[in-house]
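The values are calculated or read from the model by the stated rules, or taken from the named source; none is laboratory data. Since the structure is predicted, the reported quantities are computational estimates derived from the model, not experimental observations. Here the Cβ positions follow ideal geometry from the backbone for every residue, glycine too, while neighbour counts run over all protein chains shown.
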Amino acid sequence: MIVTTSDRPKPEALSKAAALAKELSARLAPRNNRTLGKLSEQLRDDKLMVVTDRELRYYYAGPKNAPLYFHPSMAYVRVKRLRAGESDPLVAVSRCVPGDSVLDCTAGLGADALVFSYAVGPGGSVTALESQLPLYVVVREGLATYKSDLADADEAMRRIRMVNASHLDYLRRQPDRSVDIVYFDPMFREPIHESSALEPLRGLANEDALSPEAVAHAVRVARKSVVMKEHKDSGEFERLGFERRHANTSKIAYGVIDVDGNN
């Protein structure tokens, strides 16, 4: 992997690029007026992490392809709805309330972690796991620096604790009943092709199916509920023992295991 900057980087961008190159065990390469395509060609590497003044961009299949970068996207719309007193399907099915602790086992771009973080408020906590190091770095940096026009949404982003770890390894180490909600959003077995914003993510995210062992540990660790998001027609709910509950969309559904016996 190559770590570089935009054409005319500020000193802060240069420092961040150097630190990220070390963290990622990657090659630090100054731009020197080269295009990303020329840099990739000269160094014979199609994976590039680019530090700009505004964001971190990751090209995992060459610079001609769409980069991966952090943006709250629909999560921002969902937070706005929560601010207006409306309900959110994920918050509702998980029975999430202010002060809860949430473990998001498959953070991806951090959208659901942001919704949870806003819902639990300053008195709660959200830990978000991401096993793929480049994706983890992009989302971690985005959550720490992205600025929207809503201060409380930005504060919710800053409160999320990102951890670079396999969810199964992490769950194995957690004490019984140590968080309120455990959440899984594995890559759908059947992609929703209309979700073009997720296409860069599909080439990088861990696509392994969720295992019964991971679900068993989640049930052990959770105090309130274990929730999984999947395609509405997925057989994963039955395979893994979740009760299927439809969301306000024709495309997805949530599976729930109520650990505390409440509905």
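Tallying residues that are outside any helix (DSSP H, G or I), of a type in the set (Ser, Thr, Tyr) and under 12 Å from the mean Cα position of the chain (by Cα) within region 113-137 yields 2.
Can you tell me which residues in region 138-151 are more than 19 Å from Leu24 (Cβ to Cβ) and either hydrophobic (A, V, I, L, M, F, W, C) or not in a loop (DSSP other than H, G, I, E, B) (or both)? Selection gives Leu150, Ala151. Here the condition is being assigned to a loop (DSSP other than H, G, I, E, B) and over 16 Å from the mean Cα position of the chain (by Cα); of Gly108, Gly85, it holds for Gly85 alone.
Take the residues of region 19-47 that are small (Gly, Ala, Ser) and part of a loop (DSSP other than H, G, I, E, B): which is farthest from Val138 (Cα to Cα)? Top of the filtered list is Ala29.
Within region 83-102, residues that are crowded, with 21+ Cβ neighbours inside 10 Å sit with their Cβ atoms under 7 Å from residues that are part of a loop (DSSP other than H, G, I, E, B), at 6+ positions apart or across chains, in these pairs: Asp100/Gly124; Val102/Cys96. As a summary of the residue check, Met162 satisfies the conditions (1) at pLDDT 95 or above; (2) farther than 21 Å from Phe242 by Cβ; (3) part of a loop (DSSP other than H, G, I, E, B) except for the one numbered (3). Quick check: is even one residue across region 48-63 in contact with an Asp or Glu (Cβ under 7 Å, 6 or more places away or on another chain), at positive phi and either among the hydroxyl-bearing types (Ser, Thr, Tyr) or surrounded by 13 or more Cβ atoms within 10 Å (Cβ to Cβ) (or both)? Yes: region 48-63 contains one or more residues that are in contact with an Asp or Glu (Cβ under 7 Å, 6 or more places away or on another chain), at positive phi and either among the hydroxyl-bearing types (Ser, Thr, Tyr) or surrounded by 13 or more Cβ atoms within 10 Å (Cβ to Cβ) (or both).
Kindly check whether there is at least one residue in region 171-185 that is crowded, with 19+ Cβ neighbours inside 10 Å, at pLDDT below 95, part of a loop (DSSP other than H, G, I, E, B) and not hydroxyl-bearing (Ser, Thr, Tyr). Within region 171-185, one or more residues are crowded, with 19+ Cβ neighbours inside 10 Å, at pLDDT below 95, part of a loop (DSSP other than H, G, I, E, B) and not hydroxyl-bearing (Ser, Thr, Tyr).
So, in region 1-18, how many residues would count as being under 19 Å from Glu141 (Cβ atoms) and among the basic types (Lys, Arg)? Reasoning before the result, please.
Step one: of region 1-18, the residues under 19 Å from Glu141 (Cβ atoms) are 1-6, 9-18.
When the remaining residues are screened for being among the basic types (Lys, Arg), the result is 10, 16.
Of the residues in that region, 2 qualify.
One residue stands out among those in region 21-47 that are crowded, with 17+ Cβ neighbours inside 10 Å and small (Gly, Ala, Ser): the one that is nearest to Tyr59 (Cα to Cα), which is Ser40.
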